[in-house]
Each structure stands twice: as structure tokens, then as C-alpha cells.
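**Q** The structure under discussion is supplied below as C-alpha cells; questions concerning it will follow.
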Amino acid sequence: MVPDASNLSASFQIVGSADGSIVDPQNFGVMLHTTGQPNLPARIYNDGASSYAAYIGRRYNGTAAAPTGVTAGQIISRVGATPYLLDNGWPNLSTTRIDFVATQDQTDLAQGSRIEFYTTPDGTTTTQMVARFEQEGIILTGNVIPATNNDYNLGNNTNKWASLHIGPDSLFIEDSVLGTDAELTVSDGVL
């Protein structure tokens, strides 16, 4: 038990360094802190024997003696990554993270949720949502760019998109002979 809530020490530590040295957590409330062996990846294995392995983040409000429900907009669980900074320190929040968020007050009949992905753009210190997975679909806050040119399809002969909605900008199609882009636009109802 760790009765002092202001203590940056973890409740339980697993230390892989030969001399027992660690870098203390930068946040309060750390339950488990593992430190890997020098110059090796710090791996955590969770084997499922004849069934799956699960990592479950649970949240309740209130107290352990009298828990209350999670409400709309609250983060249920988070997976994050926090780098140590070159100018010696930790950022306030994880620079890359995945949040599991309640989209409605959680009840026996209503358990809506979404998954949010955050990254930190180059040259900034502010994380920004880049994608959200929810019941309406995948909502992106940036461009969808294939990893390599002219290798991937959007749909195929079997699984086609029902509709394609494009704003007032142009649709570009590469000329198969010239290799240049042909631009399609609509102006005053004329293609």
C-alpha cells in the first residue's frame, strides 16, 4: 500500500538494472513501474494458454466502496508513449497516445464508446487528434496518403464504395499515356 498520494514512487517496481538504478516516474499514482536491462528492449509478455491474452483498463467514478458510473466524454482507458527530452525532462503528457472514451453515460442499455488516436506534430509540444474510430465510421483530421505511389486501391471490383462525396476542390486523374494529371471540376453546375 502507498498511503502518500503525493509520492512519485510506484507501488510495485521491477528493476532490471544490475545496480538497481531507475528513473522515477514523473506522475503521481503509478501502481507498477518496470525498468528494463540496459541496452535491451524492455518487453512485457502476457501469454494466453488456449485463449487470448487481455489488457483491460477499467474506470469507475466515486470510490472503491461506492463506485459510480462513467459519463459521456470521460476517458475510460489510455495507452501512451512518453519520451525523455533532450533538454532533460519529461513532457507533461504522453506525446503519442490512444484514448478509449465513453460517448454516452454508461448504463446497462447504453455503452457507446470510441477510440481516439493522438500524435504531436513536428516542431510543437501539443498533441492533436489524428483519427477517431466510432459508430459513424473513421473520422480523420488529416490527409489519407498511400505509403507508396500507385500501389493501393480505394475499394475493388467486389467491395465498392456506395458514394463518394467531394468538396469544391478538384478531382485529379492521371493520364495513362502522358502521365500528367487531368483535373475535373464542377463550376455553376457544369463538369
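Each reported figure results from applying straightforward, stated rules to the coordinates on display, with no laboratory input. Just so you know, these numbers come straight off a predicted model, no measurement behind them. Cβ placement follows ideal geometry from the backbone for every residue including glycine, while neighbour counts extend to all protein chains displayed.
**Q** Which of the peptides 117-123, 180-186, 155-161 is most tightly packed, and how do the rest follow, going by the mean number of other Cβ atoms within 10 Å of each residue?
**A** Numbers: 117-123: 12.7, 180-186: 10.7, 155-161: 7.3.
Answer by packing, highest mean first, reads 117-123, 180-186, 155-161.
**Q** Taking the Cα centre of segment 1-125 as origin, sum charge times position over the Cβ atoms of Lys and Arg (+1) and Asp and Glu (-1), and report the length of that vector in debye to the nearest 20.
**A** On the way: 6 positive and 10 negative charges, 47 e Å.
Computed about the Cα centre, the dipole is about 220 debye.
**Q** Subtracting the Cα-Cα distance from 0.36 nm times the residue separation, let me have the gained length for ASP188 to ALA64 in nm, one decimal. Could you put the intermediate results ahead of the total?
**A** On the way: separation 124, 0.36 × 124 = 44.64 nm, distance 6.32 nm.
Stretched out fully, the ASP188 to ALA64 stretch lengthens by 38.3 nm.
**Q** Moving on to the next point. Apply 1/(1 + (r/R0)^6) to the Cβ-Cβ distance of LEU154 and ILE115, taking R0 = 22 Å, and write down the FRET efficiency to the nearest 0.05.
**A** On the way: r = 22 Å, r/R0 = 1.01.
Using R0 = 22 Å, I get an efficiency of 0.50.
**Q** Candidates [x] 43, 36, 32; [y] 37, 37, 27; [z] 72, 48, 41; which is the computed Cα extents along the principal axes in Å?
**A** [z]
**Q** Starting from the alpha-carbon convex hull of segment 97-143, give the projected area averaged over all orientations, in nm². Can you show the working numbers first?
**A** Numbers: hull surface 16.0 nm².
Mean projected area of the Cα convex hull: 4.0 nm².
**Q** What does the net charge come to around PHE100 if you take all other residues with beta carbon closer than 12 Å to its beta carbon, with K and R at +1 and D and E at -1? Please list the in-between numbers first.
**A** Values: positive: ARG58, ARG59, ARG78, ARG97, ARG114, ARG132; negative: ASP99, GLU116, GLU134.
That works out to +3.
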